[in-house]
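Report on the structure given below.
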Amino acid sequence: MSKELLTKIGTSFHADIYIAGDPTKIKHCCMDFVQRGLCVSLFPCEYIHTDGSESGYLVRLINYPRFPKGEIEIEKSAIDLAIELIEACGQLSASVVCHPSGITTFIYDEEKER
């Protein structure tokens, strides 16, 4: 006898965080952050920039139907997570790109630059 599975449907949208840093720190920071009812995916990235290159992740927050959130709430959560990731990884910055709105937020620690 098979068990009946439940289905939840939600509107599709997501926010991507682009952050360089130690993979272990990024993973642990994300694992702590999602305890408030979120889902993230981690995609390894290599960032090539004017000063060289760094490894890191693209961290994607989705509207996970198990923990449904509005588009603004996903964007706010992504910005909050990006700030925590910057601090945990000792980075100067991160970028948050929201889809489908196309809004990009650049978060930058001016104090560390000096």
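The values are calculated or read from the model by the stated rules, or taken from the named source; none is laboratory data. Please read these numbers as outputs of a predicted model, since none were measured by experiment. Quick reminder, even Gly has a Cβ in these numbers, built from the backbone with ideal geometry, and neighbours come from all protein chains shown.
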Checked against (1) in contact (Cβ under 8 Å) with a residue 60 or more places away in the chain; (2) buried (at least 18 other Cβ atoms within 10 Å of the Cβ), residue 25 satisfies every condition except (2)
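When residues of segment 1-34 are filtered for being assigned to a loop (DSSP other than H, G, I, E, B), under 24 Å from residue 98 (Cβ atoms) and basic (Lys, Arg), how many remain? Steps first, answer last, please.
Keep residues of segment 1-34 that are assigned to a loop (DSSP other than H, G, I, E, B), which gives 1-13, 21-22.
Remaining after also requiring under 24 Å from residue 98 (Cβ atoms): 8-13, 21.
Restricting the remaining residues to those that are basic (Lys, Arg) gives 8.
The total comes to 1.
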List pairs: first in segment 46-65 and surrounded by 14 or more Cβ atoms within 10 Å (Cβ to Cβ) and assigned to a strand (DSSP E or B), second modelled with pLDDT of 95 or more and basic (Lys, Arg), Cβ under 9 Å, 6+ apart or cross-chain? 57/27
Collect the residues in segment 5-18 that are at pLDDT 90 or above and either of a type in the set (A, V, I, L, M, F, W, C) or farther than 22 Å from residue 59 by Cα (or both), keeping them in residue-number order. 15, 17
Out of the residues in segment 98-111 meeting the condition of being touching a helix residue (DSSP H, G or I) at 6+ places or on another chain (Cβ under 9 Å) and not in a loop (DSSP other than H, G, I, E, B), tell me which one is farthest from residue 40 (Cα to Cα). 108
Residue list for segment 55-109, restricted to those being within 21 Å of residue 8 (Cβ to Cβ), of a type in the set (A, V, I, L, M) and out of contact with any strand residue (DSSP E or B) (no Cβ under 6 Å at 6 or more places or on another chain): 72
Taking only pairs six or more apart or across chains, which ones have beta-carbon atoms under 6 Å, a first residue in segment 76-90 that is more than 14 Å from residue 37 (Cβ to Cβ), and a second residue that is in a helix (DSSP H, G or I)? 84/29; 85/29; 88/25; 88/29; 89/25
Can you tell me how many residues within segment 35-44 are without any contact (Cβ under 8 Å) to a residue 24 or more places away in the chain and not in a helix (DSSP H, G or I)? 4
